[in-house]
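In what follows, a structure is listed as structure tokens, so that the remarks can point back to it.
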């Protein structure tokens with residue numbers, strides 16, 4: 001029997017998690033919410049040592065110390081641009097931990113089972129935890145590799161992928177049933193391996209631009225596997241916390257998919273239907289108009305209304321501070337400048353807001369898409385810095401394109417469009433942008449930071 | 001206590017209610033907070049650490065102990081790293097709303113960035 005005070009402490013921790021999620025959904029309370037969540041987690045981690053007799057306390061404490069150092073180091077060191085893949089990685093290791101916990105529990109249940117005292121439902125929940133946990137682990141690692149560009153960001157397809165995916169999933173379910181009927185460790189291990197395979201096959205066909213949605217989905221999966229693990233261990237806190245994350249994560253996944261104009265099914269399986277074949281993934285050699293920083297400086301310096309569309313390339317080049325300076329100088333000259341922020345600019349919804357906040361761009365200058373989209377046709381110049389897919393008209397015009405249906409910024413309605421780009425390589429979605437070849441468009445090639453500095457000096461010299 | 005409700009139904013009740021709470025508490029989130037919210041939720045499922053400690057604490061073989069300790073490390077990375085990185089993201093959101101304190105917060109993030117580079 002778990003001591004009552006321990007159970008009450010778990011309840012308190014669960015309440016902390018609920019308050020944390022509530023706090024995180026509003027800008028004013030977000031930071032406090034996160035802190036409350038951390039307090040709840042700390043409370044649970046301390047109290048667990050009194051739940052029942054815990055052996056090996058010293059090695060466990062050492063392991064917790066190692067994990068804490070690794071976690072803090074990773075979280076502190078990461079560049080804000082690389083944060084999405086770090087979240088994916090954290091999610092993956094959480095899923096891996098859940099799968100390992102369930103396997104260990106299975107080894108114990110297997111021994112008890114010979115006495116014929118194990119409920120089938122316990123075993124089913126164990127199998128579920130192993131399968132979903134390992135799926136989340138390997139799937140998250142693949143998303144990490146995609147975001148870190150250790151592998152291609154384009155959908156990876158090979159003949160027989162759907163068959164391999166379906167086959168592995170069915171085999172995993174069949175073995176789970178076997179495990180329930182005849183409890184033993186080995187089917188559990190095989191389920192774990194199959195879970196790893198299913199996770200990889202699930203994420204491979206997902207195109208780069210859709211990866212954030214998949215991270216969110218895998219996050220929800222890990223939550224559910226933690227919840228099932230909680231049931232197996234008879235721990236209400238794990239059940240509540242895991243279910244909260246599972247439910248909130250699923251809902252959040254839907255919100256994100258809607259913000260990108262995608263359905264979840266389309267995100268996961270769109271590539272299988274051949275929807276992404278348009279993606280060339282290579283630099284185009286069609287003719288474009290390129291220009292020099294001095295010309296752009298004149299264009300910007302004598303404009304009345306300028307809109308800046310920042311993208312991931314801006315952050316990669318760490319040019320957001322120089323951009324802010326440029327905007328400050330233009331504002332002093334009397335030019336009205338705003339940033340047009342696409343909801344999924346960067347690599348995740350809200351990522352660009354974080355990056356620009358880091359550069360201390362005033363909040364009032366950040367305009368969300370719905371707010372600003374009507375103003376593009378009155379803009380003299382739109383300066384697109386390191387963005388591509390979020391202004392690609394193919395989202396409106398080309399039904400086969402992987403981003404078709406995604407709401408975009410109406411940069412093509414402005415009088416002049418200036419793209420600052422490193423090269424003619426397409427954006428994360430891997431498709432060509434027609435806007436680059438339009439008559440009102442000019443391109444300023446080069447590293448965003450260097451070009452931005454030149455542009456800044458040229459504007460100052462006007 | 002010999003109640004008329006079966007344990008399974010109690011568990012199911014907790015599960016179903018948690019689903020509704022989970023959806024309800026985040027239903028009004030603005031799109032700018034999607035990333036921190038995902039990251040925070042991610043940190044919360046790091047509470048699997050509790051489960052990892054429980055199974056490791058009852059490990060009877062060396063192999064089980066090793067696997068358990070690996071699970072403890074992974075779960076701690078998830079939990080601790082998750083909360084820290086979420087706080088780092090939100091620190092930047094907080095900094096720009098208040099005009100004056102923004103300087104101190106901005107200065108801090110600026111200096112850590114300089115060391116990172």
Filter result for the condition that a residue is assigned to a helix (DSSP H, G or I) and modelled with pLDDT of 95 or more, over B:76, B:86: B:76
Tally of residues being farther than 25 Å from residue A:341 by Cβ, within 7 Å of chain A (Cβ to nearest Cβ) and part of a helix (DSSP H, G or I) across region B:25-73: 25
Top-ranked residue in region A:335-366 [being touching a residue at least 40 places away in the same chain (Cβ under 8 Å) and within 26 Å of residue A:298 (Cα to Cα); ranked as farthest from the other protein chains (Cβ to nearest Cβ)]: A:340
Residue that is surrounded by the most Cβ atoms within 10 Å (Cβ to Cβ) [pool: residues in region A:227-238 that are part of a helix (DSSP H, G or I) and more than 8 Å from chain B (Cβ to nearest Cβ)]: A:228
Meets criteria (closer than 19 Å to residue A:296 by Cα and assigned by TED's automatic domain parsing to the domain that holds residue A:313) for residue A:438: yes
Test: residue in region B:94-102 that is surrounded by 24 or more Cβ atoms within 10 Å (Cβ to Cβ), assigned to a helix (DSSP H, G or I) and modelled with pLDDT under 95: no
Any hit, region A:423-430, residues being assigned by TED's automatic domain parsing to the domain that holds residue A:344 and either free of Cβ contacts under 8 Å to residues at least 24 places away in the same chain or under 15 Å from residue A:296 (Cα atoms) (or both): no
Failed criterion for residue A:197 (all others in (1) within 11 Å of chain B (Cβ to nearest Cβ); (2) within 26 Å of residue A:154 (Cβ to Cβ); (3) modelled with pLDDT of 95 or more hold): (1)
Extreme residue, surrounded by the fewest Cβ atoms within 10 Å (Cβ to Cβ), among residues of region A:142-158 that are under 16 Å from residue A:269 (Cα atoms) and modelled with pLDDT under 85: A:158
Test: residue in region A:200-213 that is closer than 21 Å to residue B:79 by Cβ and within 11 Å of chain B (Cβ to nearest Cβ): no
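To keep it simple, each residue is scored yes or no on (1) modelled with pLDDT of 85 or more; (2) surrounded by fewer than 24 Cβ atoms within 10 Å (Cβ to Cβ); (3) over 26 Å from the mean Cα position of the chain (by Cα); (4) assigned to a helix (DSSP H, G or I).
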position: A:367; (1), (2), (3), (4): yes, yes, no, no
position: A:377; (1), (2), (3), (4): yes, yes, yes, yes
position: A:400; (1), (2), (3), (4): no, yes, no, no
position: A:406; (1), (2), (3), (4): no, yes, no, no
position: A:431; (1), (2), (3), (4): no, no, no, no
position: A:443; (1), (2), (3), (4): yes, yes, yes, no
position: A:452; (1), (2), (3), (4): yes, no, yes, yes
position: A:456; (1), (2), (3), (4): yes, yes, yes, yes
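The values are calculated or read from the model by the stated rules, or taken from the named source; none is laboratory data. Just so it is clear, the model here is predicted, and its values are computed rather than measured. Positions of Cβ are generated from backbone atoms using ideal geometry, with glycine treated the same way; all protein chains shown enter the neighbour counts.
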